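Student: Sending over a structure as structure tokens; questions will come in a sec.
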Amino acid sequence: MNNLVFKQLQGWALLTLSVVLFSACASTNKATKESTASSKKEQKDNGYKSYDEVITDEAQTDEGLFTVHKVDGKYYYELPDSLLDTGMLLVSRIAGTQNNLSFGGAGMKAKSQQVIRWQKKDDKILLRHVSHENVADENNPIYKSIKNNNFEPVIQSFDIETVRKDSAHNTKVIDVTDFFTSDVPLISGLSKSQRSEFQVRRLDGDRSFIDSIRTYPKNVEARHILTYDSNNPPDDGATGTLSLEMNQSMILLPEEPMQKRVVDNRVGYFSIEQIKYGGERHKAENKQFVTRYKLVPKDKEAYLDGELVEPIEPIVYYIDPATPEKWRSYIKQGVEDWQKAFEHAGFKNAIIAKDPPTDEEDPAFSPEDVRYSVIRYIANDIPNAQGPHVHDPRTGQILESDILWYHNVMNLLRNWYFVQTAAVNPKARSVQFEDEVMGELVRFVSSHEVGHTLGLPHNWGSSYAYPVDSLRSPSFTSTHGTAPSIMDYARFNYIAQPGDGVENFHPAIGEYDNWSIKWGYSWFPEDMSRQEREAKLNEWTRERADDPAYFYGRQTGNKIDPRSQNEDLGNNAMEASKLGLANLERITGNLMEWTERDGTNFEELQELYGNIISQWSRYMGHVTKNVGGVYENHKTYNQEGAVYEAVPKETQQKAVDFLADHAFKVDQWMLNDEILSRINQSTVVDNIRSAQVRVLNDLTDPQRLARLVEFNARNEGETYTAFEMMDDVRNSIWSEVDENTAIGVHRRNLQRAYIERMDYLMTEELRSIPSAFKEYYGWTDVDVSQSDIRPIVRDQLETLLDEVQQVRVSDRATEAHLADAVVRIEQILNPEE
């Protein structure tokens, strides 16, 4: 073919293509115009304004999960029809707060997460609250009853301002300005009690406004200011104003729900609860499922062959840009210390800590964006840290987490480390630690809080696994720390004594943590049945059932199981506390020297001495919990032995003997005049009285007495009885009566407290306890007047009265005290005379 013919053909081809393209463009433009015209006609026919009238050329538009427009100071959500009737999480966080408003600070959730959905109703869009507490299979006829009996409240109604319906969009546009600037309870940062405490009168709309609304692929973040008139604001009362900056997150739930994992009480995980209807059992099933991240191996075959495999989506934590530079590496280490634990679940590089991206690297990065989990650094004087998370209420899947790191947590760490280890640890003998020392303490707290965000609650029973002697061993502590779980409240090693040679005083991620991550995060194939998964998990748990290192002791308020206590160490509370007291005595003797700094006052001395007395109280509490204690060992039918067993009689008696020697008598080292003359004007006597009374009241708690009666009824002659315990307490507190000796001021105060406590037990009735408290705190209803408690108390008072009346001591204070005691006792026994 010659060039001329080729060029002619090429020209015809280009001309033909141009005609086709022009025709296609003309057709598209015509279709677009027709679609737009049709959309405008539909809008007018439905009574809506045209889209261009509402969303004008001046609109500032942000596209994401919803398209958000700002027009003339108003904010509009453009909701696609595909998201209507879709469940979303609503998470309300306090982004900015006045001083003294509440415990927490910026970043904390204002209330528990909620589930909402947008729904079209005629010419309105409704925002409805959704519950996932009661569930059933959608194909089961009972599902309709679930819907009818769990009607979704309407939180707010919005007019549809306009619609957008063309080839690329099918959306409804609503004005959300009023929603974020009104006093809507669902998104308010104030609780009912706060409104009452701060005497809040009303929300002032003129001083409430939207700061910004940003939209991302999976969430929409609205930041707004709510200002209230207050007669008693938390800070600066002259203003009469309470203002809060709130951040509202609307989060799209995962399209593909994660496989649920049923709770096992032998392994600790936070959980969700659901009541399932329509199953095979003859009643609705109360089901609990653990909260955890969804980890899926990139190479499933290699994973099942036992190789360590990276997850498709690792768990990533970003460090808040506000975090001081010198602590960042330690906080990141605390995150990545969990790498080894995830290897037990078959994953490598499963959890990563990163510095936040710069504005150049990612100008859209925001700590509020649900795609990012952030360790938030809060300029607040609260001495604490906390690790909450956001999860899918359908399955328990953790979606993101923001750890709240308060600045003064370092002061808390200083106090713990000093009071618990300074007797044997030169690095702790100062009010200002070296950065490396504080950095390692920061790392410990970082690891602990990350554990919470992974779904792990406190394991208060872990520290019981290690014998007291082992915690005095340099080789053992160098490899095991102070407990098998960093999720225990096992603090620093207060048991080690001078000369033991111990150098590692820290808790660390241990055997139990590795096991709990294996149990919760091991991946199972999708075709594996629920029964097969649960059987495998149960098999793993039974294999470890008799090893104390894998014991899970749940966190409770009233610690019935003495193994499951916070801030204790070792498997013998009496021996551990005795060693701890010896160290407190050593520290108190050196406290002036170790807190001295030229030119400073005695503020640090006072704070640390107060912490020493608090530590003394903790030791007494650890011992007390053995009296009337109950060992709780969760089991299934294929495990032998009891679930609940009384603490052995001998152990309980040793506990009361310890309290007689160390709680009800005042150790002289506590009355160090060199310290007290510099920090305390005249309250030493009353402070000691208060500390002793707390121990006495705890020991004679009606719940504890009721447990002693209960287990004696089950095992008569084999347990420590309530009569025996009360005899021992009376004899120890009133020992001077039996010895016919003078009674000092501290003992006189304690003895009067004893009489008042007996009066309380004789006259007061316990209020009924809510069921939720019974589960969490381990409390039970005790009918004091119809139990053995009052006869036991009457017997004690009558015996005591007889003994006191026979005392003859030539000490004026003692005589007056005993005469007063006789009158008080007689008034209790014979109130009408």
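Every number here is computed from the coordinates shown, using simple stated rules; none is lab data. Since this is a predicted model, take the numbers as computed values, not measurements. In this analysis, Cβ positions are derived from the backbone assuming ideal geometry, glycine residues included, and neighbour counts consider all displayed protein chains.
Student: Sort the following peptides by mean Cβ neighbour count (other Cβ atoms within 10 Å, averaged over residues), highest first: 175-181, 655-661.
Tutor: 655-661, 175-181
Student: Give me the number: length gained by fully extending F151 to K536, i.e. 0.36 nm times residue separation minus the C-alpha to C-alpha distance, one decimal in nm.
Tutor: Full extension of this stretch gives 134.7 nm more.
Student: Would you be so kind as to identify which of Q339, A428, W523 lies farthest towards the positive end of the dipole of the chain, taking Lys and Arg as +1 and Asp and Glu as -1 on Cβ and the Cα centre as origin?
Tutor: Final value for the positive-end residue is W523.
Student: Counting only helical runs of four or more DSSP H residues, what would the 222 nm mean residue ellipticity of the chain come to if each run contributes -39,500 (n - 2.57) and the total is spread over all its residues?
Tutor: -12500 deg cm²/dmol
Student: How high is the FRET efficiency from T780 to E585, r the C-beta distance, R0 51 Å, rounded to 0.05?
Tutor: 0.85
Student: Arrange the peptides 354-361, 570-577, 206-213, 74-81 so that the one whose residues have, on average, the most other Cβ atoms within 10 Å appears first.
Tutor: Numbers: 354-361: 11.2, 570-577: 22.6, 206-213: 15.4, 74-81: 19.8.
Ranked by mean Cβ neighbours within 10 Å, highest first: 570-577, 74-81, 206-213, 354-361.
Student: While we're looking at this one, here's another question. Given a Förster distance of 60 angstrom, what is the FRET efficiency for S191 paired with S810, based on the Cβ-Cβ distance and rounded to 0.05?
Tutor: 0.50
Student: Then there is this: Principal axes first, then extents: for the Cα atoms of the range 500-608, list largest minus smallest coordinate on each axis, whole Å, largest first.
Tutor: 71, 33, 31
Student: Just add up the charged neighbours of L584: K/R +1, D/E -1, any other residue whose Cβ is under 13 Å from the Cβ of L584.
Tutor: +1
Student: Okay, moving on. If R0 is 45 Å, what FRET efficiency do you get for Q606 and E307 from their C-beta distance, rounded to 0.05?
Tutor: Numbers: r = 58 Å, r/R0 = 1.28.
For R0 = 45 Å, the calculated efficiency reads 0.20.
Student: Enumerate the residues in the range 375-397 having an amide nitrogen under 18 Å from the point lying 7 Å beyond the Cα of N411 toward its Cβ.
Tutor: Within reach of a label on N411, which here means backbone N under 18 Å from a point 7 Å along Cα→Cβ, the range 375-397 contributes 377-386.
Student: When the chain is fully extended, how far beyond the present Cα-Cα distance does K354 get from D206, taking 0.36 nm per residue of separation?
Tutor: Result for the pair: 49.2 nm of gain on full extension.
Student: Place a +1 charge on the Cβ of each Lys and Arg in the chain and a -1 charge on the Cβ of each Asp and Glu, then give the dipole magnitude about the Cα centre in debye, rounded to the nearest 20.
Tutor: Once rounded to the nearest 20, the dipole reads 2080 debye.
Student: Less than 15 Å from a label point 7 Å out along the Cα-to-Cβ axis of Y644: which backbone N atoms in the range 711-729 qualify, by residue?
Tutor: 711-715
Student: Same structure again: Note the count of lysine pairs whose C-alpha atoms are less than 18 angstrom apart in the range 572-689, limited to pairs 8 or more residues apart or on different chains.
Tutor: For the range 572-689, qualifying lysine pairs total 6.
Student: Can you give me the distance in nm between label points at E575 and T241, each placed 7 Å from the Cα along the Cα-to-Cβ direction?
Tutor: For E575 paired with T241, the spin-label model returns 6.3 nm.
Student: Could you work out how much longer the chain between E739 and D229 gets when fully extended? Use 0.36 nm per residue separation minus the Cα distance between them, nm to one decimal.
Tutor: Working: separation 510, 0.36 × 510 = 183.60 nm, distance 6.52 nm.
Gain in length upon complete extension: 177.1 nm.
Student: How many nm separate the modelled label positions at E596 and Q199, each set 7 Å beyond the Cα in the direction of the Cβ?
Tutor: Reported label-point gap for E596 and Q199 is 5.1 nm.
Student: On to the next question. Pick out, from T61, G481, W327, the residue whose Cα sits farthest towards the positive end of the charge dipole of the chain, with +1 on the Cβ of Lys and Arg and -1 on the Cβ of Asp and Glu.
Tutor: Of the options given, the answer is T61.
Student: Now for a separate question. Tell me, what ³J(HN,Hα) does each residue in the range 796-812 have, in order and in whole Hz, if you take phi through Karplus 6.51 cos²θ - 1.76 cosθ + 1.60 with θ = phi - 60° and put x for Gly and Pro?
Tutor: Calculated HN-Hα couplings, in order: 5, 5, 5, 5, 5, 4, 5, 5, 5, 5, 9, 6, 10, 10, 8, 9, 4 Hz.
Student: Using only alpha carbon positions, build the gyration tensor of the chain, then give the equivalent ellipsoid semi-axes as the square roots of 5 times its eigenvalues, largest first, whole angstrom.
Tutor: With the √(5λ) rule applied to the chain, the semi-axes are 61, 31, 30 Å.
Student: Another question, then. Taking the alpha-carbon distance from K300 and a cut-off under 14 Å, which aspartates and glutamates remain once sequence neighbours fewer than 8 residues away in the same chain are dropped?
Tutor: E310, E313, E526, D527
Student: Please state the shape class of the range 222-378: rounded when a/c is under 1.5, otherwise prolate if a/b exceeds b/c and oblate if not, all from the C-alpha gyration tensor.
Tutor: oblate
Student: Once every Cα of the range 572-689 carries one equal point scatterer and solvent is ignored, give the base-10 log of I(q)/I(0) from the Debye formula at q = 0.10, 0.13, 0.24 Å⁻¹, two decimals.
Tutor: -0.44, -0.63, -1.34
Student: Name the aspartates and glutamates eligible as straight-distance cross-link partners of K276: C-alpha to C-alpha under 15 Å, and not fewer than 8 places from it in the same chain.
Tutor: Those aspartates and glutamates meeting the cut-off are E133, D137, E138, E285.
Student: A further question on this structure: Taking amide H positions as placed 1.01 Å from N in the peptide plane, with prolines and chain starts having none, which residues 5 or more places from S212, or on another chain, fall under 5 Å of its amide H?
Tutor: For S212, the qualifying residues are R223.
Student: So for the pair R694, D500, with labels modelled 7 Å out along Cα→Cβ, what separation do we get in nm?
Tutor: According to this spin-label approximation, the distance is 2.4 nm.
Student: Name the residues of the range 813-833 whose amide N is less than 13 Å from a point 7 angstrom out from the Cα of R752 along the C-beta direction?
Tutor: 813-814, 816-822, 824
Student: Considering the dipole of the chain built from charges on the beta carbon (Lys and Arg +1, Asp and Glu -1) around the Cα centre, which of L708, I743, T683 is farthest to its positive end?
Tutor: L708
Student: Now a separate question. Separation of the range 533-596 and the range 355-424 by C-alpha centroid, Å?
Tutor: Rounded to whole Å, the Cα centres lie 25 Å apart.
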